[in-house]
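Written below as structure tokens is the structure these notes are about.
Coordinate-derived values only; no laboratory data. Just so we're clear, the structure is a prediction, and the values are computed from it rather than from any experiment. As a convention, Cβ positions derive from the backbone with ideal geometry for all residues, glycine included, and neighbour counts pool all protein chains shown.
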Amino acid sequence: MLRTPSGVMLIDAGLGPRVTAQRMSGTGVTLRDVKAICLTHLDSDHFRANWLGTILNLNIKLFCHRTRVRDVIDTLDHEAIERHVIPFDDEFEPLEGVRARAIRMPHDRTGSHAFHILGFGCRLGYATDLGRVSGDLIKRFVDVDLLAIESNYDPEMQLNSPRPAFLKRRIMNGSGHLSNEQAFEAILKILDYAERKRRRLPRHIVLLHRSRQCNCPKLLRERFERDNRIASRLTLAEQYERTEWLRVRPSAPLIGEQLALSWGASTIPA
């Protein structure tokens with residue numbers, strides 16, 4: 001959940017609107033403040049069809065990649081939905097004063113998109129369901145105020161899990177999800193590149209999309225806190241708890257001066 005002076009945007013909608021409203025309780029915003037939903041891809045843990053009524057009733061803009069527009073319309077299956085679905089390709093403006101650049105990622109057959117988001121003097125990098133990390137992603141995520149990236153699984157736990165072999169292959173084959181090691185390596189490259197170029201380091205580093213079966217917070221902290229640059233900035237997103245707001249600029253009242261984020265969906269749990 002991205003909060004800006006122009007309104008609230010959700011990145012993905014993996015929980016239904018009722019549960020999302022419950023997760024928003026106490027944040028200072030409600031579903032009525034949501035102006036846009038921006039989809040990374042259409043897996044069921046990232047977008048649910050039961051958002052149809054809420055999108056129509058609250059006049060929410062639904063952004064998806066141009067190649068998936070027909071899939072979104074078919075999924076929601078309502079004649080009025082077409083005017084709410086807005087395609088993106090490269091750069092787009094989900095909210096007034098907020099620009100987003102989509103970065104294609106090789107996730108499964110249809111792919112997904114990471115986002116580099118700029119607005120109100122702040123920069124955010126958001127990437128989940130990556131498959132693998134590209135050099136383009138590393139360069140685009142340098143000089144962000146907040147870096148959010150998936151760290152889905154521990155390889156040993158994955159291999160020893162009771163999951164079927166085909167699922168393990170799908171997750172680990174370079175077009176599924178990032179392991180802890182891959183996410184750690186990607187973050188180190190971003191931080192090292194930033195230091196070489198004398199750019200700022202992110203204020204927050206958030207690890208997303210942690211598998212409950214094949215990962216654990218202890219393993220993540222043991223690995224990522226080896227680097228002091230990460231340790232002092234680290235937030236672990238949780239699946240069933242919302243994180244508090246992460247202010248992207250030094251503390252000030254959340255009344256419309258800067259961006260802030262919180263997580264509350266099943267794949268970007270907060």
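Side notes on the structure shown:
- Charge context of residue 20, other residues only, Cβ under 15 angstrom, K/R +1, D/E -1: +3
- Cα centroid separation - region 97-136 against region 170-237, whole Å: 16 Å
- Compared with the alpha-carbon gap, the fully stretched path from residue 188 to residue 222 is longer by 10.7 nm at 0.36 nm per residue.
- Proximal lysine pairs, region 2-261, alpha carbons under 21 Å, eight or more residues apart or interchain: 4
- Candidates per trypsin sites (Lys or Arg not before Pro) in region 66-122, loop by DSSP, up to 13 other Cβ within 10 Å: 109
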